[in-house]
Amino acid sequence: MSQEKPAGAGLPTLSKSTIWMINFGFLGVQTAFTLQSSQMSRIFQTIGADPNNLGWFFILPPLMGLVVQPIVGYYSDRTWAPKLGGRRLPYLLLGMIVAVIVMLLLPNSGSFGFGYGSLAALWFGAITVAFLDLSSNVAMQPFKMMVGDMVNDDQKSYAYGIQSFLSNTGAVLAAIFPFLFTWFGVKNIAPKGVVPDSVKVAFYVGAALLVVTSLFTVFRVHEYDPATYAKYHGITEEDNKEGGNWFTLLKTAPKAFWTVTLVQFFCWFAFQYLWTYSAGAIAKNVWDTTNATSAGYQAAGNWYGVLAAVQSIAAVVWSYVLAKVPNKYHKLGYAGSLLLGAFGFISVFFIHDQWTLIISYILVGIAWAGMNTYPLTIVTNALSGKHMGTYLGLFNGSICLPQIVASLLSFALFPLFGNSQVNMFILGGIVLALGALSVGTIKETYAE
C-alpha cells in the first residue's frame with residue numbers, strides 16, 4: 001500500500017489506486033442493493049402482492065440495516081483477523097457469501113409451485129429479501145468504515161466521491177440489466193405468478209459481479225493493525241476495546257451527527273416511496289394498466305430500470321459538480337440538490353410519456369447525489385477514530401428508520417391518497433422539500 005507524508009488527523013496520504021481498491025467492492029454491493037430496490041416491487045406484485053400491502057415487504061430491508069450495521073460496526077471495531085484481511089474485511093467476506101446465495105433465490109420466489117398470491121410464495125420472497133438486505137448490509141458497512149479508518153481528512157471527500165461513483169455505476173448496471181437482457185432476447189414475460197427470466201438473469205449476473213469486485217478489495221487492501229490504527233488516530237489501543245455502549249455514544253455524539261440525521265430522515269422517507277411505487281406509477285401513467293401480470297406492467301418495470309439508470313448517471317455527473325462547490329457553499333449545494341429532487345418527484349404525477357420521465361429522474365438523481373456526497377463526509381470529519389465503526393453503524397439508523405416509518409405510514413397514507421401509486425409521488429416531493437429546508441439546521445464548519 002502506498003503511503004507518503006501524514007496529513008489531516010495523523011493519517012498518511014494514500015495513493016489514488018489504494019483509495020480505489022478500498023472502495024472497489026462497493027460496485028458489486030450496490031448492484032445487489034439496486035437490483036433489490038428497483039425490482040422488489042415488481043417481483044412481489046408479479047407473484048400476487050396487493051399494492052396496499054407493499055409497505056410490509058419494504059419494511060424488511062431497513063429493519064435489517066437498522067439492526068445489523070451497528071452490530072457490524074461494534075464488533076469490527078474490536079476485530080483483528082489478519083488471515084482474513086483485518087478488521088472490516090472479514091465481514092465483507094461473510095456478507096458477500098450470504099448475499100450471493102440469496103440473490104440466486106429471490107427472483108425464483110414464484111417458481112417453486114407455491115401459486116399466485118399464495119402466502120407461501122409471499123413469505124418465501126419476504127424471507128429472501130430480509131436475508132439479502134441483511135447480508136448486503138454486512139458487506140456494505142466495511143467500505144464506509146475503511147474510509148473512516150484509513151483515509152485522512154484531506155482525501156476523505158475524494159474517497160467518498162469514488163465510493164459514490166462506484167455506487168452509482170453499480171446502480172446503473174443493475175437498473176438496466178432487465179431491459180438490456182430483454183433486448184438481447186431473454187424473455188420478459190412469464191406464466192402468471194412467475195418472475196420473468198430477464199429479472200432472474202439480472203440477479204445472477206449481479207451476484208457474479210458482487211463476488212468479483214469484493215474479492216478485488218479483499219486481496220488488494222491491507223488494513224491497519226490495532227497499534228498502527230491507534231497511532232494514526234491519536235488514541236490508545238484500549239479505546240476501542242472498552243465502553244462503546246450505544247446509548248452512551250449517542251448521548252455524546254457530535255451535533256453534526258444529529259443535524260445531518262434530521263436531513264436524512266426526510267430524504268430517505270421520500271426515496272422509500274420512490275422505490276415502492278415507481279413501477280406501479282409508471283405502469284398506470286404511461287401504459288395505463290394496474291395489472292401486474294400484464295405485458296404492459298412488465299414493460300413498465302423494465303422502463304423503471306432504465307429510469308433508475310438515468311437517475312444514477314445524473315447522480316454521477318452532479319457529484320462532480322458538487323465536488324467543485326466551494327466549502328462555504330456546501331449547504332447551498334446540499335439544499336439545492338434536494339429541492340431539485342423534490343420537483344422531480346412531483347413531476348412524475350403529471351407526466352404520461354415515458355421519455356419525458358427521463359427529466360423527472362434526472363432531477364431525482366441530483367437529489368441522490370446530494371444525499372450521497374455530504375452526510376458521511378460531515379459526520380466522519382466530526383468524529384475521532386474512537387468507536388468509528390460503531391458510530392457509523394449507528395448513523396445508518398438515519399437511513400433505516402425513515403424507511404421503516406415511511407413503510408408503516410404507507411398503510412394509512414396510501415388509502416388517504418386515493419389508493420394511487422402515482423399520488424404517492426406528490427407526498428414524496430413534499431417530504432423531500434422539507435429535507436432541503438432542514439439543511440439549514442446543520443452547523444458544521446467547513447475548512448476553507
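At-a-glance table
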quantity	calculated
Estimated dipole of the chain in Debye, rounded to 20 [Cβ of Lys and Arg +1, of Asp and Glu -1, Cα centre]	120 debye
Pairwise centroid distance, computed over Cα atoms, of the stretch 9-49 with the stretch 59-85, Å	16 Å
Pairwise FRET efficiency - Phe184 versus Tyr75, Cβ, R0 = 35 Å, nearest 0.05	0.20
Rounded to 10°, Cα long-axis angle of helix 119-150 versus longest principal axis of the chain	30 degrees
The stretch 256-349, accessible surface, carbon-and-sulfur percent (1.4 angstrom probe)	71 percent
Per residue value of the accessible surface for the stretch 179-285 (all protein chains in place, 1.4 Å probe), Å²	47 Å²
Gained length - Ile97 relative to Asn291, 0.36 nm times residue gap less alpha-carbon distance	66.3 nm
Most positive-pole-ward Cα, Ala230, Val263, Asn285, against dipole of the stretch 225-323 from beta carbon charges	Asn285
Correct choice for mean projected area of the Cα convex hull in nm² that was computed from the model, options (1) 19.5; (2) 22.4; (3) 20.6	(1)
Entries of Lys231/Lys443; Lys83/Lys156; Lys83/Lys251; Lys324/Lys443 with Cα pairs more than 31 Å apart	Lys83/Lys251
Using alpha-carbon coordinates, inclination of helix 54-77 to the longest axis of the chain, degrees	20 degrees
Accessible area per residue in Å² at 1.4 Å probe, computed on the stretch 302-402	35 Å²
Where labels lie 7 Å past Cα in the beta-carbon direction, separation of Leu119 and Val67 in nm	2.1 nm
Of Gly73, Gly333, Gly305, the one that fluctuates the most in a GNM where the chain has Cα springs shorter than 10 Å	Gly333
Separation of the Glu238 and Trp258 label points, Cα + 7 Å toward Cβ, nm	3.0 nm
Residue among Tyr204, Tyr160, Tyr91 with the largest mean-square fluctuation in a Gaussian network model of the chain, springs linking Cα atoms under 10 Å	Tyr204
Of every Cα-Cα pair in the stretch 358-448, the percent that sits beyond 16 Å	68 percent
On Cα atoms only, tilt of 357-373 relative to the major axis of the chain in degrees	20 degrees
Separation in nanometres of the label points that stand 7 Å from Cα toward Cβ, at Asp153 and Phe350	4.5 nm
Förster radius 60 Å - calculated FRET efficiency between Phe417 and His222 (Cβ-Cβ, nearest 0.05)	0.70
The stretch 76-162 - percent of accessible surface contributed by carbon and sulfur, probe 1.4 Å	73 percent
Helix-only mean residue ellipticity at 222 nm for the chain, each DSSP H run of n ≥ 4 adding -39500 (n - 2.57), per residue, nearest 500	-24500 deg cm²/dmol
At most 12 other Cβ within 10 Å, DSSP loop - chymotrypsin sites (Phe, Trp or Tyr not before Pro), the stretch 312-356	Trp355
Area accessible to solvent at Ile430, 1.4 Å probe radius, in Å²	90 Å²
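The values are calculated or read from the model by the stated rules, or taken from the named source; none is laboratory data. Just so you know, these numbers come straight off a predicted model, no measurement behind them. All Cβ positions, glycine included, derive from the backbone under ideal geometry; neighbour counts span all protein chains shown. These accessible areas exclude ligands, DNA and RNA; they are computed on the full protein's heavy atoms, side chains included. Shrake-Rupley method; radii C 1.70, N 1.55, O 1.52, S 1.80 Å.
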